Each structure stands twice: as structure tokens, then as C-alpha cells.
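Single-structure report; data block below.
The values are calculated or read from the model by the stated rules, or taken from the named source; none is laboratory data. These figures come from a predicted structure and were not determined experimentally. Note that we place each Cβ from the backbone using ideal geometry, even for glycine, and neighbour counts take in every protein chain shown. Remember, those area values only see protein heavy atoms, side chains included, never the ligands or the DNA or RNA. Shrake-Rupley method; radii C 1.70, N 1.55, O 1.52, S 1.80 Å.
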Amino acid sequence: MFSARALAAGTILLTASSSLAQAETFTISWWGFNGDKLNANIVEPFEEMCGCEVIFETGNNADRLGKLTARGGKGVDVIYLTDSYSQIGVESGIFQPIDRSKIPNIEKLYDMAKAPQGEFGPAYTVGRAGIVYDSADVEPITEWNDLWRDDLKGQIALPGITTTAGPMVVVRAGDLAGVDAYTDTDGAFANIEAIEPNVVKTYNTGSEMINLMSTNEANVSIAQDFALRSLKEAVPSIVWADLEDGDIATLNTINIPVGAKNVELAHKFINFVLSTEIQTLNGATGVDAPVNTEVELSAEEAAGWTYGPEAVGKLNRMDYGKMNAAKSGWIDRWNEVFGM
């Protein structure tokens with residue numbers, strides 16, 4: 001026969017098992033970078049707050065958005081994407097509008113982060129695309145037009161046209177030629193052809209770009225700021241160009257898919273991620289640059305980030321609706337110039 005103690009122990013085990021079986025799960029789709037820090041900064045405290053279990057779907061922007069689209073917007077509760085890819089999600093109807101009354105921390109954000117794509121999700125971090133160069137070998141670069149300088153022949157690594165930053169090159173080339181790349185593709189690509197002698201190679205990943213710079217195959221590149229620390233570790237003389245005409249803003253967004261099971265919890269999660277405490281923690285530990293205006297970082301913590309109203313105010317925004325519509329037509333033109 002079972003003793004009273006054994007029966008009680010069994011009851012406790014059954015209760016615990018039942019509780020675990022019924023525990024609410026909350027699914028996040030994100031890249032999976034900085035896993036240990038994200039677990040400590042976001043996952044564990046949010047699980048404690050919500051009494052739920054956080055699970056993940058990881059991968060790059062295109063793969064995760066493709067899976068979500070194939071499932072009709074089901075399977076995850078929130079999705080992290082760069083703004084160029086979240087624009088695709090908005091246009092395809094995969095995201096639902098958010099209820100900003102349930103996310104009061106949005107009011108603490110820089111204006112560009114509050115509603116970067118209208119009624120859909122906010123940005124939780126801000127970055128920039130700009131120019132990096134090896135100051136030991138290259139004269140200072142102070143504007144985008146310097147990429148066309150004669151002394152940079154065979155020294156530049158450009159992002160490929162299918163990367164986040166690649167289409168930005170076409171837009172800037174048009175701007176510098178005095179034309180709108182969206183309406184005058186020929187004019188923009190005439191300037192792309194003009195820069196071709198300066199380009200040693202185009203790259204498709206950040207690691208490829210860092211390798212080109214570290215082996216001195218390239219001395220100049222267009223880069224996103226998340227790569228700057230690794231670049232400087234590889235080549236200490238690398239500097240981020242202080243451009244008179246400004247860097248290009250890159251925003252990472254959080255959206256709620258149309259098939260999310262935990263919509264209320266999704267709003268709570270977004271509000272949590274935008275809080276001053278979490279934004280400060282992520283900024284200080286090297287996870288993400290803050291968009292919450294209440295965050296205060298030391299000079300050391302802010303190094304390499306797009307941080308503060310002055311830095312954010314200098315950024316140029318891209319029209320990703322127009323860019324995504326034009327990009328497919330630009331790919332063949334780009335490949336004709338660079339022989340891909």
C-alpha cells in the first residue's frame with residue numbers, strides 16, 4: 001500500500017506536471033545573436049513577470065519572415081525584423097496594428113522610433129549605415145561623394161544589392177547625381193558605373209566585409225554600426241567617417257503577427273522591451289543602442305552606438321516602400337555593373 005507520504009509526494013508531482021502542461025508559452029522570432037545577454041536581460045525577467053515560458057524561432061530576416069508568411073501569420077507572438085523587412089510584412093498584411101494605449105513606453109522614444117511604419121510596431125533600437133575607412137592608408141572621408149574620389153581606385157568594398165545596405169548605395173548614388181533613383185534608374189546607375197573602378201569587391205555578409213578590411217584587400221567600406229567593434233578589433237586604425245551629409249538610419253522593429261495567440265502578452269512584452277530599465281541594460285551591455293530618450297549611458301557604454309538626440313537627429317531615413325518596390329529592377333542593373 002502507498003504511504004501517506006508517498007501519496008502526498010505523488011500529488012505534488014501531479015500538480016506540478018499539470019501546472020507545467022498548462023503553462024502559457026510566448027514565442028519570439030528573432031536573430032538569436034547575443035543569446036546569453038538576451039536571456040539575462042530580457043527572457044528571464046519577462047518570464048518571471050508574465051509567469052510564462054518564452055520559446056524562440058531564430059534565423060535571418062528573410063527566412064523568418066518567409067516562414068511566418070507561409071504560415072499565414074501564425075506561430076509566433078512577436079517578430080523582430082530590420083525595417084526594410086518589416087515593411088515587406090506590413091505590405092503583405094502579415095502584421096496587425098498595435099494598440100499604443102497598451103504600450104505607454106512608446107511615448108518615451110525618439111520620434112523616428114515611435115511609428116516608423118504607421119500603425120504597426122515601433123523600433124526598439126536604432127543603428128546607422130555609413131562609411132568606414134582605414135585611417136592609416138586613406139585620407140579622411142567627410143561626405144558620401146568622397147567614395148568617387150580618384151585616390152580610392154580599387155580600395156572600396158560595397159555591400160551587395162541584396163543586402164540591407166546595398167539598395168541604399170543606389171539611392172545615394174542618385175542623390176549625388178542630382179536624380180531620384182526611384183524615377184530615374186538610368187541616372188542613378190550612371191553614377192554606380194562611375195564608382196565601379198573604385199570597387200575591389202562587393203560583399204554579402206558582415207563577416208565577409210570584415211575579412212576584406214582585415215586582410216587589407218579593401219581600405220574603405222559601407223558598413224552598419226553593429227560591425228564597428230569587430231572591425232576595430234581586427235584593424236585598430238579603422239574609423240567611422242563623420243559625414244557632413246549624415247549617415248543612414250537603420251531601425252529594428254517589433255511587430256505582432258496577425259495570427260499571434262497571445263496578443264495581450266505581446267503588447268506587454270513590447271512595453272517591457274521599450275522600458276527605460278531594459279533599454280539601459282541592453283545599451284550598457286552591448287546588446288542594442290537605445291531608442292528610449294530617458295536612457296543615460298557612460299561614454300564607454302555608448303561607444304560605437306548611435307546614441308543621443310544629436311546623433312539620432314543627423315540620420316537620414318530611407319523610404320522602404322519605394323525601395324522594396326524598386327529593388328527587384330535594380331538587381332540586374334547592379335549585376336551588370338559588378339559582373340555578378
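Taking the average, over residues, of other Cβ atoms within 10 Å as the packing measure, peptides 119-125, 97-103 rank 119-125, 97-103 from highest down. Mean sequence separation of contacting Cα pairs (under 8 Å, at least six apart), scaled by the length of the range 76-235, corresponds to a relative contact order of 25 percent. For the pair Asn216 and Glu119 in one chain, pulling the backbone fully straight at 0.36 nm per residue adds 30.4 nm over the alpha carbon distance. For the pair Ala325 and Asp111 in one chain, pulling the backbone fully straight at 0.36 nm per residue adds 74.5 nm over the alpha carbon distance.
Distant-in-sequence amide contacts of Glu53, defined by a placed amide H-H separation under 5 Å and a gap of 5 or more residues or a different chain, comprise Glu24, Thr25, Phe26. In the context of the full set of protein chains, the range 89-231 has a per residue accessible area of 39 Å² (1.4 Å probe). Structure remark: mean-square fluctuation, Gaussian network model of the chain, C-alpha springs under 10 Å; the largest value among Phe226, Phe26, Phe56 belongs to Phe56. Packing, taken as the mean count of other beta carbons within 10 Å per residue, orders the peptides 249-261, 32-44 from highest to lowest as 249-261, 32-44. When the residues Ser214, Ser328 are ordered by accessible surface, computed with a 1.4 Å probe over the protein chains alone, the sequence from largest down reads Ser328, Ser214.
Applying 0.36 nm per residue to the separation of Arg71 and Lys37 and subtracting their alpha-carbon distance, the gain on full extension is 9.3 nm.
Considering helices alone, the calculated mean residue ellipticity of the chain at 222 nm is -12000 deg cm²/dmol, with DSSP H runs of length four and up weighted by -39500 (n - 2.57) and normalised per residue. A cut-off of 5 Å between modelled amide H atoms, ignoring neighbours fewer than 5 places along the same chain, links Asn316 with Asp247, Ile248, Ala249. Taking every C-alpha pair closer than 8 Å and separated by at least 6 residues, the mean separation divided by the residue count of the range 37-97 gives a relative contact order of 26 percent. For the range 279-325, relative contact order (Cα pairs under 8 Å, six or more residues apart, normalised by length) works out to 28 percent. Taking 19 Å as the cut-off, the amide N atoms of the range 90-107 that come nearer than this to a point 7 Å along the Cα-to-beta-carbon line of Glu294 belong to 100-107. Computed 3J(HN,Hα) for the range 74-80, one whole-Hz value per residue from the Karplus formula 6.51 cos²θ - 1.76 cosθ + 1.60 where θ = phi - 60°, is 9, x, 9, 9, 9, 10, 8, glycine and proline marked x.
Each listed q (0.06, 0.07, 0.08, 0.16 Å⁻¹) maps to a log10 I(q)/I(0) for the chain, found by the Debye formula over equal Cα scatterers with no solvent: -0.26, -0.34, -0.43, -1.42.
Using R₀ = 25 Å, calculate the FRET efficiency as 1/(1 + (r/R₀)^6) where r is the Cβ-Cβ separation of Thr205 and Arg149; round to 0.05. The pair Thr205/Arg149 has a calculated efficiency of 0.40. Converting phi to 3J(HN,Hα) with the Karplus coefficients 6.51, -1.76 and 1.60 and the offset θ = phi - 60°, the range 298-305 yields 6, 4, 5, 5, 7, 4, x, 7 Hz in sequence order, with x at every glycine or proline. Per residue, the range 285-339 exposes an accessible area of 50 Å² to a 1.4 Å probe, with every protein chain left in place.
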